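Reviewing the structure listed below.
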Amino acid sequence: MTRPVLQLEDLRVYYGTRQGDVKAADGVNLTLSKGERFGLVGESGSGKTTTALAILRMIKPPGKIAGGRITLDGDVDILKLSDEEMRMTRLSRIAMIPQGAMNSLNPVVRVKDQMILTMRTHGEPGNDHQILQRVEELLDSVGLQPNVADLYPHELSGGMKQRVCIALAISMSPQVILADEPTSALDVVVQRRIMQTLRTLQEKLGAAVILVGHDMGLMAQFVDRLGVMYGGKLVEVGTVEEIFNDPKHPYTQLLISSIPSLDRKRDFQGIPGMPLSLHNPPTGCLFHPRCPHVMEHCSTQEPIEITFDSGRTALCLLYNEAHIDKEIADGSTA
Ligand code: SF4
């Protein structure tokens with residue numbers, strides 16, 4: 001088995017509030033292989049962006065990484081790097097296309113100046129002329145003309161700005177690209193083209209991608225595996241086929257059934273109940289107040305992660321029960 005390019009073990013990110021710690025990411029485990037495309041989905045506040053930011057150690061106070069381990073390429077312990085080592089790791093080994101990336105460019109600084117400054121800050125070698133040449137190559141690789149380098153971001157369309165952000169993200173050939181809702185503000189045609197560009201470049205680089213978002217259709221087209229987050233926890237992980245054809249967790253089942261379909265005519269089905277408040281989370285399974293399959297002990301007992309034969313996982317007592325029954329039947333439980 002090849003060693004994972006990125007591994008999260010029991011990652012916990014808490015935000016301190018007057019009412020106590022809010023657990024924005026709580027025990028996240030994730031293994032990413034070289035070149036893999038992984039999707040992180042969930043509703044707002046589920047912890048997906050927090051998880052992505054934690055990988056880059058970009059959680060700002062009052063947030064903090066409260067525990068766990070993040071390992072890059074098998075042996076780099078991200079949480080133990082010095083600030084300087086972390087700065088050099090960002091962009092060159094792990095890059096991010098941030099949420100609202102289009103607004104992350106300074107509108108009054110020319111594209112080339114922003115790209116050169118960013119690349120230099122993160123350790124790109126070479127003189128100005130060499131880096132400028134690299135900027136033009138990068139712009140070309142994302143389908144932009146070299147003259148875009150001389151323009152200001154306010155002169156570019158949303159799609160062009162997004163392409164500049166992708167060019168920056170791949171500028172130092174990172175092993176991992178974190179893309180946080182990279183196309184959310186674009187129309188579907190531009191969105192599709194941008195995702196095709198990202199995919200082509202990611203495959204060329206052999207980089208792994210974590211795509212963060214809530215658009216299940218986009219996920220289905222782009223990623224190999226999906227992780228579903230709820231209340232700061234990864235409640236289900238599996239291949240796209242597994243998740244779409246046979247979702248295990250009741251929350252995933254509701255997410256899938258709420259996707260509109262042209263083939264099937266039916267009433268829209270939403271997810272019942274109110275979104276979770278992490279300030280005042282329920283006891284037991286965090287999803288129990290909304291779960292159609294809730295059992296008596298779901299409100300008192302926290303589910304533990306179950307790994308199925310195929311390697312997919314789910315965090316639900318329905319399967320804890322089945323697992324325990326199987327163990328008893330196999331004679332492996334006293
Ligand atoms: Fe529903 Fe219980 Fe599973 Fe939670 S543990 S998702 S409440 S069945």
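The values are calculated or read from the model by the stated rules, or taken from the named source; none is laboratory data. What you are looking at is a predicted structure, and each value in this text was computed from that prediction instead of being measured. Neighbour counts run over all protein chains shown; Cβ positions are idealised from the backbone, glycine included. These accessible areas exclude ligands, DNA and RNA; they are computed on the full protein's heavy atoms, side chains included. Shrake-Rupley method; radii C 1.70, N 1.55, O 1.52, S 1.80 Å.
Worth a mention:
- The H on the amide N of GLY39, modeled in the peptide plane, is under 5 Å from the matching H of LEU211, ASP224, ARG225, LEU226, GLY227, each at least 5 residues off or on a different chain.
- Annotation: lysines with alpha-carbon distance below 23 angstrom to LYS64 (same-chain offsets under eight excluded): LYS23, LYS48, LYS80, LYS233.
- Span-like helix ranges in the chain, DSSP H, alpha carbon extent 24 angstrom or more, Kyte mean at least -1.0: 188-205
- Segment 6-333, accessible surface, carbon-and-sulfur percent (1.4 angstrom probe): 51
- Straightening the chain between THR283 and HIS129 buys 49.5 nm, computed as 0.36 nm per residue apart minus the Cα-Cα spacing.
- Maximal additional length on extending the MET58-GLU296 stretch stands at 81.7 nm, based on 0.36 nm per residue less the C-alpha distance.
- Per-residue packing, averaged as other Cβ atoms within 10 Å, sorts the ranges 308-317, 210-219, 149-158 into the order 210-219, 308-317, 149-158, beginning with the highest.
- Accessible area per residue in Å² at 1.4 Å probe, computed on the chain: 50
- Fully extending the segment from HIS214 to VAL108, taken as 0.36 nm per residue of separation minus the present Cα-Cα distance, adds 35.0 nm.
- Taking ILE170, ILE194, ILE259 in turn, the Gaussian network model of the chain (Cα-Cα springs below 10 Å) assigns the largest fluctuation to ILE259.
- The chain: most fluctuating residue of VAL108, VAL190, VAL22 per GNM, C-alpha cutoff 10 Å: VAL108
- Value at 222 nm in deg cm²/dmol, rounded to 500, when DSSP H runs of n ≥ 4 in the chain each add -39,500 (n - 2.57): -9500 deg cm²/dmol
- The chain: proportion of alpha-carbon pairs further apart than 26 angstrom, %: 52
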